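Notes follow the structure.
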């Protein structure tokens, strides 16, 4: 890099302009110092440390599954936002909008990317958990981050579960019917759960099919208009909001607990 | 060929395959020295070598390739929503192999008195820019390409419009919950759908607080963490991945079992003559009427549950789990052993069902309380 000052190519010159310099304060990362500064100065890149142990860049050690889970989450966010332009969460329109998405939207593979991406994210999150277990990375001082990770795993599956209903086809409502029937069997809180009949005042039952856990989940006694709206709001706003909070904690704690796990 | 298909249809029945896999998994991931020696004698650890991996995955690919020549197999496996689960099966086995291969390599190094290969790596540091950033960049490009190709080749399924009056047969939950749905065969919804998922989540969260072993952080190793890996991998492979596989590929109309090469016949009948423990106890063993009083009726079940969760833990603490009890202390040990017993209750209930047609250990339908 010694004589790069004399013969600069076009990219090199662009990198020296005032505009580019104002955006990337560090300049072209040539020196060791600059390469560290580019990580430290950038809001996104500084999720990383500036340096890390060699094992942290070995694919056979990391499998890259945590990073890919986050990336697929971003892909799902982008495709999800695009889908929201076309989709109306009502019983009259939902299915028709799916047909339109398939047949009217040019180059319409957003729904495909969203659906297959969702499957892929569930798988990559599971594999990430498996890697963390097999390398013993949950051991002190990372115990709590493992707990946060389990919460993220549950939220991932709930996000996928709520999204399952939205196409409003046979697969969707019956899968959600099967899934939500379980909520009706919650001990004490479900109308068909053990102990619910004990929660009564004389002859008046407090837990009925119109006032139990299943009803709260579906916003109705069966999978209908109320459930569709509830699942839509949870899928697009509620759960992403919660998962973002836990993801922030998760990434923060990866750094604070000492970065990627290494032998003691 | 037909004979082979019949054989596979027979062997994949849960009551045959599950016990086989359970024994095999415990031998593959031996929790203690005795089983570890058997593993060595049978040379099962050879699977975690390059050759073992090549043979294993060739067999797996060959099985799927052969299966795709069968119309029934092909129909189920190539359903668009089932494709990811086929991928999951390959990925899980592949990464299991990757981790165990490295674990055995590290164990061999440490036996020679050397440190794990990760320990050597950790001494040297590299810059995140460019070393890590480029890896991330390349892997996310590859991931994007994979997703785009997959999306172009395979249309997202869309079935008939929702119709609350016509329920498809079988009605299946989303695939990642099919393990829970499969448990419904053996347990009531309040257990399979509510209590077990809660216990699974809490149990996962408790892992770092129950594993008192300080060794094995930040590198692959089997020898130093035999017990932990054995428990986790068994539960993960058998109670998670295997149950999902059965629920996805092998459960057809009326949730009946169908072998991978079997036609999903709606009219297939499976005779169910399941009996409660109380009926066994009073009618078959003592040849008398089942008592009217609920408490008296369910006394055998209560006795069994109390001894399972009340007497077994202290007994185990004195015998098999003596060291664990010493390391964890009374409270953590209780949590550990109760979680383990709840997990073990699934195969136990399965075996009771298969061997004796037991429906419920405790059956109080009056309060929806059936175990």
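Every read-out reported here was derived from the displayed coordinates using simple, explicitly stated rules and does not represent laboratory data. All values derive from a computational prediction rather than experimental measurement. In this analysis, Cβ positions are derived from the backbone assuming ideal geometry, glycine residues included, and neighbour counts consider all displayed protein chains.
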For the range A:58-96 and the range A:169-207, write down the distance between their C-alpha centroids in whole Å. 31 Å
Defining a contact as two alpha carbons under 8 Å apart and six or more residues distant in sequence, what relative contact order in percent does the range B:118-253 show? 36 percent
Output the 0 to 90 degree angle, nearest 10, between the alpha-carbon long axis of helix A:170-181 and the longest principal axis computed from the alpha carbons of chain A. 70 degrees
Hey, what number do you get for chain A at 222 nm if only DSSP H runs of n ≥ 4 count, each worth -39500 (n - 2.57), divided across all residues, to the nearest 500? -18000 deg cm²/dmol
With a/c under 1.5 counting as rounded, go ahead and sort chain B into rounded, prolate or oblate using the C-alpha gyration tensor (a ≥ b ≥ c being the square roots of the eigenvalues; past the cut-off, prolate if a/b is larger than b/c, else oblate). oblate
Please list the three semi-axes, largest first and in whole Å, of the ellipsoid equivalent to the range A:59-135, using sqrt of 5 times the eigenvalues of its alpha carbon gyration tensor. 33, 12, 9
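Report the FRET efficiency, 1/(1 + (r/R0)^6), for residue A:17 and residue B:338, where r is their Cβ-Cβ distance and R0 is 51 Å, rounded to 0.05.
0.15
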Neighbour-count ranking for B:56, A:85, B:239 (other C-beta within 10 angstrom, fewest to most) reads A:85, B:56, B:239
Give the shape of the range B:191-350 as rounded, prolate or oblate, defined through the alpha-carbon gyration tensor: a ≥ b ≥ c are the square roots of its eigenvalues, a/c under 1.5 means rounded, and otherwise the shape is prolate if a/b is larger than b/c and oblate if not. oblate
Can you bin the range B:9-164 into rounded, prolate or oblate? Criterion: square roots of the alpha carbon gyration tensor eigenvalues sorted a ≥ b ≥ c, rounded for a/c under 1.5, prolate for a/b above b/c, oblate for the rest. oblate
Extension gain, residue B:149 back to residue B:269 (0.36 nm per residue minus Cα-Cα distance, nm): 39.0 nm
Expressed to two decimals, the range B:131-242 has a Cα Rg over Rh, using the Kirkwood radius, of 1.10
Alpha-carbon Debye profile of the protein assembly as shown, log10 I(q)/I(0) at 0.06, 0.09, 0.11 Å⁻¹: -0.38, -0.87, -1.29
Take residue A:99, project a point 7 Å from its Cα along the Cβ direction, then tell me which residues of the range B:152-168 have their backbone nitrogen under 20 Å from it. B:155-166
Average Cα contact separation per residue, the range A:50-184, under 8 Å, 6 or more apart, as relative contact order %: 27 percent
Taking neighbour counts of Cβ atoms within 10 Å as a proxy for exposure, in what order, fewest first, do B:245, B:273 appear? B:273, B:245
Radius of gyration, Dmax [the range B:277-370; alpha carbons; angstrom]: 16.1, 49
Over the range B:315-371, one equal point on each Cα, no solvent: what is log10 I(q)/I(0) by the Debye formula at q = 0.15, 0.21, 0.31 Å⁻¹? -0.62, -0.82, -1.13
What are the principal axis extents of the Cα atoms in chain A, in Å, biggest first? 90, 54, 31
Quick note on A:154, B:126, B:166, A:19, ordering by fewest other C-beta atoms within 10 Å, gives A:19, B:166, B:126, A:154
Chain B, relative contact order [Cα under 8 Å, separation at least 6], %: 24 percent
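Report the full-extension gain for the segment residue B:285 to residue B:4: residue separation times 0.36 nm, less the Cα-Cα distance, to one decimal in nm.
Length gained between residue B:285 and residue B:4: 97.0 nm.
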If one takes the longest principal axis of the Cα atoms in chain A, at what angle in degrees, from 0 to 90 and to the nearest 10, does the Cα axis of helix A:32-41 lie? 30 degrees
Ranked by GNM mean-square fluctuation in chain A (Cα springs under 10 Å), the top entry among A:201, A:47, A:68 is A:201
